[in-house]
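Inspection log for the structure reproduced underneath, given as structure tokens.
The values are calculated or read from the model by the stated rules, or taken from the named source; none is laboratory data. Just so it is clear, the structure is predicted and the values come from calculations on it, not from any experiment. Because the Cβ atoms are built from the backbone with ideal geometry, glycine has one as well, and the counts that use them run over all protein chains shown.
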């Protein structure tokens, strides 16, 4: 009987003795982490996304420093005073010249490539950020109204979206720019006009699902207005998706502006833009590779960095993603 009692006694089990805390010992407390903190930790562990964010930060600093770069080199972006010094007898541009502070060479008019790339970064980032912000405002508002109210509002907005999506975007942009004189404001307006439909359709689909959730029904039963429900209950649930789509729309808008400038329908010369610089390089890239490589590398690096950062942000905000240090939770001891 003593043997049976010892077998049934949990204190006789060595594993139970290990799991049982010692008398007087302080138990570690598992520190809870909010979804935003988990997303931040996931994003920080993505080396590619962090490198992309660092590149974007350096690009922003480079764009803001454009006047300082022009002052340091002594070459304004549209200065042609070095035309004869930076071109050959045949009128071809010459490459980098450290003595004259043309670190990336000159174009066919003797203008500094480095300075013009820096000023072109200002235009690209301005168009990308401003156009994306306005696109999100219009698209999110249209998607909220169509998805929440439904009925006639949804029918009208959905048919308008289908109409705009059925028109080739490039042809629509060319037609609008042929009517209006190309400028920074017109370029931004055209980009917003042809881009808001995508975000509106995505937001509409998510709102159709959210409006049937229990927390929305609870707010209706409490007498909350439709505007209050859309702004305070539904919109916060759309923020992660909006942030991810914003990072993916910015490079698309930058590339769209560069395409228009390449075709001669963007911001007009002599204003420096990457698309215009690439257009100028088409006649000289065989003998002046720097005219094509440096603005092309800036455009490629910018769009790639925003896309990679957007992919990393999407993975970080995914609630089904892996929990950082799942096997080693953060612990803190009681004082």
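A Cβ distance below 9 Å, combined with a sequence gap of six or more or placement on separate chains, defines the contacts here; from region 249-265, residues that are touching a residue at least 12 places away in the same chain (Cβ under 8 Å) and at positive phi reach residues that are part of a helix (DSSP H, G or I) and surrounded by 24 or more Cβ atoms within 10 Å (Cβ to Cβ) in the pairs 264/276.
Criterion applied to 107, 162, 154 was being touching a helix residue (DSSP H, G or I) at 6+ places or on another chain (Cβ under 7 Å) and more than 30 Å from residue 70 (Cα to Cα), and the one residue passing it is 154. For region 156-197, name all the residues that are surrounded by 19 or more Cβ atoms within 10 Å (Cβ to Cβ) and closer than 19 Å to residue 259 by Cβ. Passing the criteria: 173, 177, 187, 188, 190, 191, 192, 194, 195, 196, 197.
Looking for whichever is part of a helix (DSSP H, G or I), under 26 Å from residue 201 (Cβ atoms), free of Cβ contacts under 8 Å to residues at least 60 places away in the same chain and within 26 Å of the chain's Cα centre (by Cα) here; the options are 155, 137. Which one fits? First the steps, then the outcome.
Numbers: 155 fails: within 26 Å of the chain's Cα centre (by Cα).
Checking each option against the conditions leaves just 137.
Put simply, of 172, 144 the only residue that is assigned to a helix (DSSP H, G or I) and closer than 30 Å to residue 272 by Cβ is 172. Test residue 77 against the stated conditions and say whether it is surrounded by 17 or more Cβ atoms within 10 Å (Cβ to Cβ) and modelled with pLDDT of 85 or more. Yes: the conditions hold for residue 77. Of all the numbered requirements in (1) out of contact with any strand residue (DSSP E or B) (no Cβ under 9 Å at 6 or more places or on another chain); (2) free of Cβ contacts under 8 Å to residues at least 24 places away in the same chain; (3) part of a loop (DSSP other than H, G, I, E, B), residue 163 misses one, and that requirement is (3).
Does residue 189 satisfy the condition of being part of a helix (DSSP H, G or I) and either at positive phi or touching a helix residue (DSSP H, G or I) at 6+ places or on another chain (Cβ under 9 Å) (or both)? Taking the combined requirement at face value, the residue satisfies it. Filtering 311, 315 for residues that are modelled with pLDDT under 85, surrounded by fewer than 22 Cβ atoms within 10 Å (Cβ to Cβ) and within 28 Å of residue 137 (Cα to Cα) leaves a single hit, 315. What about residue 252, is it under 16 Å from residue 128 (Cβ atoms) and out of contact with any helix residue (DSSP H, G or I) (no Cβ under 7 Å at 6 or more places or on another chain)? Yes; evaluated as a whole, the condition is true for this residue. For region 214-229, the candidate set comprises residues that are surrounded by fewer than 13 Cβ atoms within 10 Å (Cβ to Cβ) and outside any helix (DSSP H, G or I); within that set, the residue that is nearest to the chain's Cα centre (by Cα) is 225. What are the residues in region 242-270 that are more than 19 Å from the chain's Cα centre (by Cα), crowded, with 23+ Cβ neighbours inside 10 Å and assigned to a helix (DSSP H, G or I), if any? Correct list: 260, 261.
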